[in-house]
Amino acid sequence: MTKRGFAVTSALVFLFLCSPIFSQAGDDLVQNVVDGCKTELDTYCKDVTPGEGRVLACLYAHNDKLSGRCEYALYDAAAQLERAVAALSYVVNECRDDLVKLCGDVPAGEGRLVECLAKNEKMVSERCKQAIKDVE
């Protein structure tokens, strides 16, 4: 994996891990990376305190020593994250007017906007409902 590819992958995984909107899927991806990079984590990063991207920074620092299994786990996590971000972007674009009109005073995060749309389901546009259905 090139340094640029690893940097992009690391950034995507970091963003994914920091976003509560991906909670269960995020837990699965983290576990896949932990499983795929177990040797590297145990060898190079065992003394790194998790959080704030430090473990990914450790893997990046040892990029030239990563096994194919670890590289694949990181690549797969990034690919899954890209699909999730694309789905989220699609829903946000299709539901933008509904979010402004129905949920403009609701702070983003922790599923509050999704809850707001569900609470106002009768007033949500068909376009937005279809987008949500498309990504479920």
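The values are calculated or read from the model by the stated rules, or taken from the named source; none is laboratory data. As the structure is a computational prediction, the values presented were derived from the model and not from experiment. Note: ideal-geometry Cβ built from the backbone for every residue, glycine included; neighbour counts use all protein chains shown.
One residue alone among ASP76, ASP42, ASP105, ASP35 is free of Cβ contacts under 8 Å to residues at least 12 places away in the same chain and over 30 Å from GLU126 (Cα atoms), and that residue is ASP42. The residues listed here are TYR44, TYR60, TYR72; of these, the one that is modelled with pLDDT under 90 and of a type in the set (Phe, Trp, Tyr) is TYR60. Restricting attention to region 26-56 and to residues that are surrounded by 15 or more Cβ atoms within 10 Å (Cβ to Cβ), more than 21 Å from the chain's Cα centre (by Cα) and not charged (D, E, K, R), the residue that is farthest from GLU110 (Cα to Cα) turns out to be TYR44.
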